[in-house]
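In what follows, a structure is listed as structure tokens, so that the remarks can point back to it.
The values are calculated or read from the model by the stated rules, or taken from the named source; none is laboratory data. From a predicted model like this one, the values you see are computed outputs, not experimental measurements. Note: ideal-geometry Cβ built from the backbone for every residue, glycine included; neighbour counts use all protein chains shown. Note: areas computed on protein heavy atoms with side chains; ligands, DNA, RNA excluded. Shrake-Rupley method; radii C 1.70, N 1.55, O 1.52, S 1.80 Å.
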Amino acid sequence: MRKKFVAANWKMYTNRVGAQQLAADVVKGLAGDDRVTVALCPPFPYLAFVADAVKGSKVVLGAQNMYPDKEGAFTGEVSPTMLLDVGCTHVILGHSERRHKLGESDWFINQKVRSALAAGLQVILCVGETLDERKSNQTDAVLDRQLTQGLVDVAAADTPRLVVAYEPVWAIGTGHNATPEQAQEAHAFLRRRFGQIFSEKAAVALPIQYGGSVKPDNAAILFAQPDVDGGLIGGASLKADSFLAIVRAGIS
Ligand code: PGA
């Protein structure tokens, strides 16, 4: 059985003291329980502080983005080696806010995915359709494109370090989460496609998170779907209590 994986995407929220406190509260609340894998993804400036706060615990550290190159004249960017250097094991790539607000293409996201995997990071690759795309029955086509193009030239040997997050854009930060049936349908589709790209074995092992308005009161039913292996949590991850309640919903 796949272990549930719940990641906190703090986006551009918190401050130094608040981030340290939130991380400390999550670590304390989990009290060493690692039945669910838990990752915290703070803004770049707080990564090192949160790394300290989770040191010695089972909570892992992730970044919300990175640039594909190891180093170079890329003002304002952060490389995979820098993320590793401050203690990250994970990186979120292709988040819909980066796709839609910052114009990231499938090609660029694929460069990042390959670079992150080559550096030794674990990748949470986000995919998801907009409301217009869902209404015009393009959900499968969009998920197929984002998954396939995001994974161009990824080696089968690297698939154990991949996580896919299904995040319907219309559900992110809106309070309108996908129904458990909608989530299950999309997750099953993504797993099937992943199996066609790599192998049945890789698909069975792939963790697929759901993201989009996951809250303590809907997490359990979403996580109970056979192909939903946890969540990528935005708003509800900014309070230790609600985030911990969501993590606990993943304990089976
Ligand atoms: P939300 O965000 O939980 O606030 O909807 C999820 C995400 O964007 O990862």
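Quick query: amide H of Q122 versus all other amide H atoms, modeled in the peptide plane; which residues come in under 5 Å with a sequence gap of 5 or more or a different chain?
Hits under the 5 Å cutoff: H90, V91.
Once phi is turned into θ = phi - 60°, what whole-Hz ³J(HN,Hα) does the Karplus curve with 6.51, -1.76 and 1.60 give for every residue of the stretch 33-44, x standing for Gly and Pro?
5, 10, 5, 10, 6, 10, 10, 10, 10, x, x, 3
For R161 and Q21 in one chain, what is 0.36 nm times their gap in residues minus the Cα-Cα distance, to one decimal in nm?
Working: separation 140, 0.36 × 140 = 50.40 nm, distance 2.89 nm.
Contour length minus Cα-Cα distance gives 47.5 nm.
I need to check one value: relative contact order of the stretch 38-118, counting alpha carbon pairs closer than 8 Å and at least 6 residues apart, in percent.
Value for the stretch 38-118: 29 percent.
So how strong a dipole does the chain carry about its Cα centre when Lys and Arg Cβ are +1 and Asp and Glu Cβ are -1, to the nearest 20 debye? List each step's numbers first, then the result.
Details: 26 positive and 26 negative charges, 87 e Å.
Charge dipole, the chain, about its Cα centre: 420 debye, nearest 20.
Place a label point 7 angstrom from the Cα of Q149 along the Cα-to-Cβ direction, then list the residues of the stretch 196-229 whose backbone nitrogen is under 20 Å away.
Inside the label zone: 196-198.
Tell me, what is the 1.4 Å probe accessible area of I124, in Å² to the nearest 10?
That residue has around 0 Å² of solvent-accessible surface.
Given an 8 Å cut-off on Cα distances and at least 6 residues of separation, report the relative contact order of the chain as a percent.
Working: 489 pairs, mean separation 52.9, N = 252.
Reported as a whole number, the value is 21 percent.
In terms of the ratio Rg/(2.2 N^0.38 Å) built on C-alpha atoms, what value belongs to the chain? Please report the intermediate quantities before stating the final value.
On the way: Rg = 16.7 Å, N = 252, 2.2 N^0.38 = 18.0 Å.
So the Cα radius of gyration is 0.93 times the expected 2.2 N^0.38 Å.
So how much slack lies between L84 and K28, counting 0.36 nm per residue of separation and subtracting their Cα-Cα distance, in nm?
On the way: separation 56, 0.36 × 56 = 20.16 nm, distance 2.43 nm.
Gain in length upon complete extension: 17.7 nm.
Under a 1.4 angstrom probe, counting protein chains only, how are W107, W10, W170 ranked by accessible area, largest first?
Working: W107 165, W10 0, W170 40 Å².
The ranking, largest first, comes out as W107, W170, W10.
As an exercise, identify the trypsin sites (Lys or Arg not before Pro) in the stretch 83-156 lying in DSSP coil whose Cβ has no more than 12 other Cβ atoms within 10 Å.
Hits after loop and neighbour filter: K101.
Do the sum for the chain: with -39,500 (n - 2.57) for every DSSP H run of n ≥ 4, divided by all residues, what is the mean residue ellipticity at 222 nm, to the nearest 500 deg cm²/dmol?
On the way: 11 runs with 107 residues, N = 252.
Result for the chain, helices only: -12500 deg cm²/dmol.
Provide the per residue accessible area, probe 1.4 Å, for the chain, rounded to a whole number of square angstrom.
Working: 11390 Å² over 252 residues.
Result: 45 Å² of accessible area for each residue.
Give me the net charge of R145's neighbourhood, meaning all other residues with Cβ under 13 Å from the Cβ of R145; Lys, Arg count +1, Asp, Glu -1. Could you put the intermediate results ahead of the total?
Numbers: positive: R99, R193; negative: D106, E129, E133, D140, D144.
Around R145, the surrounding residues sum to -3.
Hey, rough spin-label estimate for Q111 and T179, points 7 angstrom out along Cα→Cβ, what's it come to in nanometres?
4.2
Working out 0.36 nm times the residue gap between A141 and K239, then minus their Cα-Cα distance, what length gain in nm do you get to one decimal?
Working: separation 98, 0.36 × 98 = 35.28 nm, distance 3.54 nm.
Between A141 and K239, full extension yields 31.7 nm more.
How would you order 44-53, 26-35 from highest to lowest mean count of nearby Cβ atoms within 10 Å? Could you put the intermediate results ahead of the total?
Numbers: 44-53: 18.6, 26-35: 14.4.
Result, highest mean Cβ count within 10 Å first: 44-53, 26-35.
What is the percent carbon and sulfur in the accessible area of the stretch 5-249, measuring with a 1.4 Å probe over the protein chains and ignoring ligands? Mind showing how you got there, number by number?
On the way: 5780 of 10820 Å².
The computed percentage sits at 53.
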